[in-house]
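*Asks:* Before we start, here is the structure in question, set down as C-alpha cells.
What follows is calculated from the coordinates using simple rules that are stated; it is not laboratory data. It should be emphasised that the depicted structure is a prediction, and the values quoted were computed from it without experimental measurement.
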Amino acid sequence: MMASESKKLTREELASLLTVGNTCAVLEPPAVIPAEHSTRLIAPGYMAELSGRLRMTTSGRLRMAAGKTP
C-alpha cells in the first residue's frame, strides 16, 4: 500500500471525489468542489485536472471501491 493511500480522507472529501467521478466529462458542467478538497485529492493522484475539468483517476476509483472511509 502506498503511503498516500493510508491517509484518511474526510467524509466531505470522499463526497467531493464521488461528485467528480459522477460528473459526465462532456455533457454536464464541470463538477464544483471546495478548492482544498481538489488540492488534497489531486496530490495523491485520486483526481487530475484535464482540460480545465476535474476527473477521477483509476486510483480514485480504486479508493472509492475499497471503501476506505474515515
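*Asks:* Counting each DSSP H run of 4 or more residues in the chain as -39500 (n - 2.57), what helix-only mean residue ellipticity at 222 nm follows after dividing by all residues, to the nearest 500 deg cm²/dmol?
*Replies:* -12500 deg cm²/dmol
*Asks:* Under 8 Å for C-alpha pairs, at least 6 residues apart: give me the relative contact order for segment 3-66, rounded to a whole percent.
*Replies:* For segment 3-66, the relative contact order is 32 percent.
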